[in-house]
Amino acid sequence: LPTTDEEKCVMCGVCVDVCPMEAIDREDVSAVDASKCIKCCACVKGCPQKARTYETPFAVLLSDCFKKQKEDRIIL
């Protein structure tokens with residue numbers, strides 16, 4: 001599950017607002033309902049303070065892949 005760095009978090013609630021499954025508690029943003037979380041990382045990407053993380057062995061690979069702009073392609 002995504003985790004929250006309490007030292008960086010300012011309780012702005014952006015993670016709660018961007019979560020498509022409403023899995024994050026507005027009163028305690030570090031509380032994530034595991035039965036609702038689909039691990040989409042919307043909360044990680046949306047956090048303006050970079051206080052949310054999701055640890056996975058693929059995190060570095062995915063981060064590198066999404067930094068690079070892909071060329072436009074037309075598929076016929």
- Enumerate the calculated ³J(HN,Hα) couplings along segment 45-51 in order (Karplus 6.51 cos²θ - 1.76 cosθ + 1.60, θ = phi - 60°), each rounded to whole Hz, writing x wherever the residue is Gly or Pro. 5, x, 5, x, 9, 6, 8
- Message: Under the 0.36 nm per residue contour assumption, what length would be gained going from the current alpha-carbon distance of D17 and T56 to full extension?
- Response: 11.7 nm
- Enter the accessible area per residue of the chain (Å², integer; probe 1.4 Å; all protein chains in place). 80
- Tell me, what % of the accessible area of the chain is carbon and sulfur with a 1.4 angstrom probe? 56
- Item | Cysteines not pairable in the chain (beta carbon separation under 4.7 Å absent) | C9, C12, C19, C37, C40, C41, C47, C65
- One would report the Cα pair-distance distribution of the chain, bin width 10 Å, in %, as 19, 45, 24, 10, 3, 0
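The values are calculated or read from the model by the stated rules, or taken from the named source; none is laboratory data. Here the structure is a predicted model, which is why all the values come from computation and not from measurement. Positions of Cβ are generated from backbone atoms using ideal geometry, with glycine treated the same way; all protein chains shown enter the neighbour counts. SASA here: full protein model, heavy atoms, side chains in, ligands and nucleic acids out. Shrake-Rupley method; radii C 1.70, N 1.55, O 1.52, S 1.80 Å.
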